[in-house]
Amino acid sequence: MRLTPFVLATVTLSGSISAAWSPAWNSHGGASHPSFPFKSSPSNATNICNVLNKALPGMVSYQNSTVYLQEQVGLPDAGYWSIQESSLTPACRVTPTTAPDVALAVRILVGANVQLAVRGGGHTAWAGAANIGSSGVTIDLSAMKDVIVSSDNKTVAVGGGARWIDVYNVLVEQDLMVCGGRVAPVGVGGLTTGGGKCFFSSTSGFAADGVTNFELITSTGLILQVSAKTYPLLFKALKGGNNNFGIITTFTFATFTQGNMWGGEAIYLPTTSAAQYSALYNLIETTGDVYNPPYDAQIINAYVVGVAGSFYANYYTNTAPVAWPTQLQAFQAIQPALIDTTRIANMTSFAEELSTGTPNGQFYIFGTLTFQNNLAFMSVLKNLTDTIFTGSVAMDPAFMVSMVLQPLTKAMMAPGCGENSLGLCPSAGNLVFVDLTVSWTLANNSDVITTAANAFVASATSLAEKAGVLNEYIYLNYALPSQDPIASYGESNVANMREQSRVWDPSGAFQRLVPGGYKLWR
């Protein structure tokens with residue numbers, strides 16, 4: 001079905017669908033609809049690459065060319081983060097430099113019914129998230145990474161192919177900051193459209209909450225400037241909507257003043273388990289409502305099992321340049337700290353440090369769940385990690401599993417409550433989300449380790465439900481491929497996202513031709 005001029009006239013500025021919309025189309029509506037109404041078989045991509053090359057000269061690279069290989073496997077960060085992604089070989093890669101270039105490429109691919117992938121930073125682990133096999137084409141935004149601060153310093157426009165390190169390198173020079181990714185090479189696009197927790201979340205919410213405008217390329221080649229004023233319902237849908245509505249070529253974020261801060265990593269013995277979780281539980285409870293004074297002290301708490309043994313690796317930050325603020329002093333009391341890199345530095349320094357433990361060129365898998373802040377359940381998860389993964393250590397020379405607990409407090413949810421699509425509000429209470437990250441290097445171990453990761457998430461979810469602490473929210477950026485994070489946003493948010501998809505992607509191209517990402521209909 002295509003939008004006729006008459007139907008286009010019935011689409012309001014807000015992106016809602018008027019009563020003149022086709023009754024047959026409306027019959028597909030509702031959050032319970034089991035599948036997207038558009039189905040088609042993707043065409044072979046080989047010939048379309050030549051069409052793209054003529055339409056976009058100098059922007060198309062073919063298999064085994066220098067540019068193609070650099071975008072696939074270039075080190076340290078030019079290629080994909082995981083082997084799962086870099087092992088996919090699209091028929092060609094398109095590397096546009098402007099929004100009109102992207103719009104033209106999308107029109108050509110959608111018009112030819114060819115499958116495509118969209119790569120921003122390429123830091124999602126699972127195969128097909130931002131790359132595709134030989135029957136498709138990858139649009140690689142890596143050349144679109146400008147970072148431009150407005151003349152009044154109130155906003156910064158960031159290209160869709162930028163990584164967070166590109167953003168921080170510009171902002172720290174001007175004592176400015178945004179709520180963004182904590183790991184340097186992570187892409188701006190993927191993290192933001194999945195929500196995006198940051199070191200400033202207690203005062204700023206998620207990365208998506210800081211966006212004031214999206215430049216969006218739709219499946220029909222429209223270039224939209226999407227804000228709370230222009231298309232409010234689409235604006236909300238994009239905040240958590242992954243890649244379901246088109247390709248975002250520019251993100252504009254609100255900035256705030258930020259100088260140097262305090263933070264760093266500390267490593268502890270596994271015998272400190274009880275002290276770790278007691279301190280974490282109390283931190284969440286005592287700082288969950290508001291921060292006073294108004295700076296943000298946070299922790300990433302990781303229980304790690306690997307070839308070097310098991311240990312705790314905590315990453316601390318305080319957005320004021322003050323060591324060991326009151327909120328974190330219970331962790332300072334945990335001794336001994338085998339390694340302690342805490343210091344006063346800028347955001348660039350901390351983001352680069354956090355990237356050192358997860359280099360490009362390994363196999364990775366994520367998994368997640370969310371639970372009510374509960375001291376006993378933290379220990380349950382630690383014991384489950386030991387039970388499921390300890391036997392895997394001898395299998396692989398680089399095996400490592402991190403069971404990471406991160407606070408998701410009422411204060412963090414407040415800025416985006418009702419404004420983004422995540423469905424998180426302070427009424428949910430103080431939460432914790434689990435980031436399970438597993439890495440390894442030998443391909444023949446992939447099936448066993450992937451099965452173990454899925455078993456961990458399934459068992460942890462079941463145990464949380466039995467304990468009465470499970471929260472249905474699934475953080476998209478840490479989800480397994482089999483999980484359905486968008487469904488966890490709540491019926492009203494899903495309904496709005498599906499409606500916006502029907503309005504702005506009338507052929508369903510980003511549902512049926514873009515297999516990567518988490519779809520609105522599964």
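The values are calculated or read from the model by the stated rules, or taken from the named source; none is laboratory data. Computed from a prediction, not measured in an experiment: that's the story for all the values here. Backbone-built Cβ (ideal geometry, glycine too); neighbour counts: all protein chains shown. Heavy atoms of the whole protein, side chains included, go into the accessibility calculation; ligands, DNA and RNA do not. Shrake-Rupley method; radii C 1.70, N 1.55, O 1.52, S 1.80 Å.
Scan the stretch 317-426 for GluC sites (Glu not before Pro) in coil per DSSP, keeping those whose Cβ has at most 14 other Cβ atoms within 10 Å, and list them by number. The partial results should precede the final answer.
Details: sites: E352, E353, E419; in loops: E419.
Those that pass, being in a loop and sparsely packed, number zero.
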Checklist entry - Under a straight-distance cross-link criterion of Cα-Cα below 23 Å, which lysines are reachable from K197, leaving out those fewer than 8 residues away in the same chain? => result K145, K154, K236, K239, K382, K410, K519
Checklist outcome for this item: Checked the stretch 168-268 with the C-alpha gyration tensor, a ≥ b ≥ c its square-rooted eigenvalues, rounded below a/c of 1.5, otherwise prolate if a/b is larger than b/c and oblate if not; verdict prolate
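Just in the stretch 185-262: which trypsin sites (Lys or Arg not before Pro) are loop by DSSP and have at most 13 other Cβ atoms within 10 Å? Intermediate values should be presented prior to the final figure.
Details: sites: K197, K229, K236, K239; in loops: K197, K229, K239.
The qualifying sites are K229.
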Checklist outcome for this item: Relative to the chain, whose Cα atoms define the longest principal axis, helix 375-389 and its Cα axis are tilted in degrees, nearest 10, by 70 degrees
Item to check | Bridge type composition, the chain - antiparallel percent by DSSP, nearest 5 | outcome: 90 percent
Checklist outcome for this item: Summing +1 per Lys or Arg and -1 per Asp or Glu among the other residues with Cβ less than 13 Å from L224's Cβ gives -1
Next on the checklist: From the C-alpha coordinates alone, can you work out the Kirkwood hydrodynamic radius of the stretch 291-449, in Å?
Outcome noted: 17.7 Å
Checklist entry - What residues have an amide H closer than 5 Å to that of L431, excluding those fewer than 5 places away on the same chain, when H is modeled at 1.01 Å from N in the peptide plane? => result N373, L408, T409, K410
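Provide the per residue accessible area, probe 1.4 Å, for the chain, rounded to a whole number of square angstrom.
For the chain, the per-residue accessible area is 37 Å².
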Item to check | For the chain, with +1 on Lys and Arg beta carbons and -1 on Asp and Glu, the positive-most of Q258, V305, S142 along the dipole | outcome: S142
Item to check | Using distinct alpha-carbon pairs, which all enter the 1/r mean, Kirkwood radius of the chain in Å | outcome: 23.5 Å
Next on the checklist: Which one, T358, N50, G187, is farthest towards the positive end of the dipole of the chain when Lys and Arg carry +1 and Asp and Glu -1 on their Cβ?
Outcome noted: N50
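When the helices in the chain are scored as -39500 (n - 2.57) per DSSP H run of 4 or longer and the sum is shared across all residues, what 222 nm value do you end up with, to the nearest 500 deg cm²/dmol? All intermediate terms of the calculation are to be shown ahead of the outcome.
Numbers: 18 runs with 156 residues, N = 522.
Calculated at 222 nm, the ellipticity per residue is -8500 deg cm²/dmol.
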Next on the checklist: How many angstrom lie between the Cα centre of the stretch 446-473 and the Cα centre of the stretch 150-172?
Outcome noted: 37 Å
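Could you work out what % of the accessible surface of the stretch 424-463 is carbon and sulfur, using a 1.4 angstrom probe and leaving DNA, RNA and ligands out of the count?
Numbers: 870 of 1410 Å².
Of all accessible area on the stretch 424-463, carbon and sulfur atoms account for 62 percent.
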Item to check | Shape of the stretch 52-92, Cα gyration tensor, a/c cut at 1.5 | outcome: prolate
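How much length, in nm to one decimal, is gained on full extension between A455 and T356, taken as 0.36 nm per residue of separation minus their Cα-Cα distance? Intermediate results must be reported in sequence, preceding the final value.
On the way: separation 99, 0.36 × 99 = 35.64 nm, distance 2.76 nm.
Computed gain between A455 and T356 is 32.9 nm.
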Checklist entry - Ranked by accessible surface with a 1.4 Å probe, highest first, in what order do L216, L75 come? => result L75, L216
Checklist entry - Scaled to the compact-protein estimate 2.2 N^0.38 Å, what is the alpha-carbon radius of gyration of the stretch 64-219, rounded to two decimal places? => result 1.06
Checklist outcome for this item: In terms of the alpha carbon gyration tensor, root eigenvalues a ≥ b ≥ c, rounded if a/c is under 1.5 and otherwise prolate when a/b exceeds b/c or oblate, the stretch 243-384 is rounded
Next on the checklist: Taking every DSSP beta bridge with both residues inside the stretch 83-206, roughly what % is antiparallel (nearest 5)?
Outcome noted: 35 percent
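Rounded to the nearest 20 debye, what is the charge dipole size of the chain about its Cα centre when +1 sits on each Lys and Arg Cβ and -1 on each Asp and Glu Cβ? If you can, show how the numbers build up before the last one.
Details: 23 positive and 30 negative charges, 258 e Å.
Dipole magnitude for the chain comes out near 1240 debye.
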Next on the checklist: Just to confirm my numbers, what's the Cα centroid distance between the stretch 340-383 and the stretch 241-304 in Å?
Outcome noted: 10 Å
